[in-house]
Structures are given as C-alpha cells and as structure tokens.
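Peer 1: I am attaching a structure below and will ask some questions about it afterwards.
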Amino acid sequence: IPVHIDYVDAYGSDTSHLTVDGINKFLEWRPNYSNPKFITANGTYEGSKLDGKTEEFKFVTKSEVGKMSKRYYNVVNPDDVIEKYGADTFRLYEMFLGPIEQSKPWDMQGIEGVSKFIRKFWGLYFDEENLSLSDDAPTKEELKVLHQTIKKVSEDIEKFSFNTAISAFMICTNELRKMNCNKRAVLTPLAQLLSPFAPFMTEELWSLLGHSDSIHTQDYPVYEEAHLKDDSFEYPICINGKKRTTNSYPADASKDDLEKDVMELEEVQKWIDGKNVVKIIVVPKRMINIVVK
C-alpha cells in the first residue's frame, strides 16, 4: 500500500517505518483503511488499540523510487510546496536536484537547505529588519567573490547546469556573509545575477533598492577578468615533503626570490638548523619544498 513519505520515519533507509503518529496521519489521508490490523515484530495491533503503544510500535515500510502517479497516491502538489516554502524556493530546489537532462527522485528532505539559502541571501541586504547597504567601495576580496560567481553562473547557464549555478550562489552568499559585505556595488549585480533563478525575491529586492523599473529588464552582469587575478599566493612550505609553515608572496614573484626569502624565515631556520640543504623545489602557485639531510 503506498504511503506518503512525509508520514515515514527514516525514509530512504533500510530502517524506514511508521510510528503511531505516522499511522494516524496515514489513516487521516486514506480513510478507507480506517479499521486496519497492523502486524509488527512486537505483535499484531488493531487500529483502535494503538493508543499507548508509541514506544513499542514500529510498522516496517520499504522506501522505493518510482514515477509520480495518482494511482500510487504519491503525487506532490506544487501548490502545497509553494504555500509552505514560496515559489522561488520551489523553483531553485527543482533546479538544484541535479542535471536537468537526468531523471531525479523527488525528495523533500533537501528543500530546507534551499529555503535556508534564500533566507541567507535576503539577509545580506538587511540589518535585522532594516535595509542596510553601504555606498563604500568594495574590497578586492569582495569583488573577486562577486566576479567569480558571475563567471561561474554565466558558464553554467550556457551549459544548462543550473544545479551547479545554484551551488555557486550558495558559496558566494556564505563568503560574503563571512566578510560582512553589505556594499551596494556588490549586492546590486548579485541580485541581477540571481533574478532568473529567484524572480520574485529579486524583484522585491530591486524595488527596495529604489528602482521603479523591473529587475528583469536590466542587462545581465558580465564578469571582469581583472577582478579574478590574484595579487598574492600563500605558499605551503615543506621540509622533506612535510608542511611546516606557510607564507604569502606576490603572485608574480620569481623562483630565485622565493628561494632566497624562504630560507630567511624564522620557522624554516628552526627546522633546517644544523642540517645540509640539498635543494629547494619551487612549484609556482602550488608549494615550496626544502630537501635537507
């Protein structure tokens, strides 16, 4: 007998089962089973005698993947999902489930994560309940995060890889939150970038940002290569292949300069004191390894 997954505990695992609470929800959903008899490992129970059996009652179910069908009572009404989570969350979650060309099982367990992302993104623009954007110039790090996201999302749209584009938005949002970024120059194009994916929330943000026209009539953001270049690189410094410290150097530093400077580091001197340096291996923008014996 098909059972709605919302009523099942540990759905998708080998231990999926119905508790008394799940059974009651099932009976409300399928009243034609109003007087059932449940056979479990702990005994057989009449439907009317389940009260008080909460601890010991566990009715085993089998989780399986199949197409939605009215016949199997497993159809999920989009209106119900939208009423609870909103249209933007529903849209994003459907795209986030996996590659668009592949069949994917509908599973509500992951929608909470997408809903949380929507709330985090909205929170970038607010200080508690008040819109709070700064007109200060963004930092290099903030611009790098923004333009990395523009580049990634634009490429993913061309490939119809909407699930990885949404992942890029999630990473960007988390990075900007860590930086406490509320710069208008960053968050305005970011809203435009998300607008095809979450049209309702971004339209609301666009209006709150003081625009009278629609966000969906604006030019789509284009990344600038200059903001993607690193000014410096933090090298892991190893002694005989084992990482001992790190140090940041200009991205265009020469191999000779790196070899000379790394030997002067106090942390390196501690590990090579009294030993013979055989060679220094520099892998540009990867690592520095000092071989001693």
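Each value in this text was obtained by applying a stated rule to the coordinates, not by laboratory testing. None of these values were measured; they are calculated from a predicted model. Methodologically, a virtual Cβ is constructed for each residue, glycine included, from the backbone with ideal geometry; neighbour enumeration extends over all protein chains shown.
Peer 1: How big is the chain along each principal axis, measuring the range of its Cα positions in Å and listing the largest first?
Peer 2: Rounded to whole Å, the extents work out to 84, 61, 38 Å.
Peer 1: In the range 99-124, which residues have a backbone nitrogen under 16 Å from the label point lying 7 Å from Met179's Cα in the Cα-to-Cβ direction?
Peer 2: Those under the cut-off are 121, 124.
Peer 1: About its Cα centre, what dipole magnitude does the chain give when the only charges are +1 on Lys and Arg Cβ and -1 on Asp and Glu Cβ, stated in debye to the nearest 20?
Peer 2: Rounded to the nearest 20 debye, it is 1280 debye.
Peer 1: Give the calculated FRET efficiency between Val222 and Arg30 to the nearest 0.05, with a Förster radius of 41 Å applied to their Cβ-Cβ distance.
Peer 2: Between Val222 and Arg30 the formula returns 0.15.
Peer 1: So for the range 85-197, what percent of the C-alpha to C-alpha distances run longer than 22 Å?
Peer 2: Within the range 85-197, distances greater than 22 Å cover 33 percent of Cα pairs.
Peer 1: Report, by chain and number, residues whose modeled amide H sits under 5 Å from the one on Asn247, excluding near sequence neighbours (fewer than 5 apart, same chain).
Peer 2: The answer is Tyr235, Ile237.
Peer 1: Mind jotting down a quarter of the surface of the convex hull over the alpha carbons of the range 170-293, in square nanometres, one decimal?
Peer 2: 10.5 nm²
Peer 1: On to the next question. Can you find, among Ser154, Tyr235, Leu209, the residue sitting farthest towards the positive end of the charge dipole of the range 143-243, where Lys and Arg contribute +1 and Asp and Glu -1 at Cβ?
Peer 2: Comparing the listed Cα positions along the dipole, Tyr235 ranks first.
Peer 1: Right, here's the next one. Taking the range 243-281, which trypsin sites (Lys or Arg not before Pro) meet the DSSP loop condition and have no more than 15 other C-beta atoms within 10 Å?
Peer 2: Lys275
Peer 1: Still on this structure: When only DSSP loop residues count, what GluC sites (Glu not before Pro) in the range 258-291 have their Cβ near at most 10 other Cβ atoms within 10 Å?
Peer 2: When the GluC sites (Glu not before Pro) of the range 258-291 are filtered for loop state and at most 10 Cβ neighbours within 10 Å, Glu264 remain.
Peer 1: Using 0.36 nm per residue of separation minus the Cα-Cα distance, give me the extension gain between Ile171 and Lys116 in nm, one decimal.
Peer 2: 18.5 nm
Peer 1: Please report Rg (one decimal) and Dmax (integer) in Å for the Cα set of the range 131-215.
Peer 2: 12.7, 35
Peer 1: What FRET efficiency would be calculated for the residue pair Arg286, Gln109, taking the C-beta separation as r and a Förster radius of 35 Å, to the nearest 0.05?
Peer 2: Given R0 = 35 Å and the Cβ-Cβ separation, E is 0.35.
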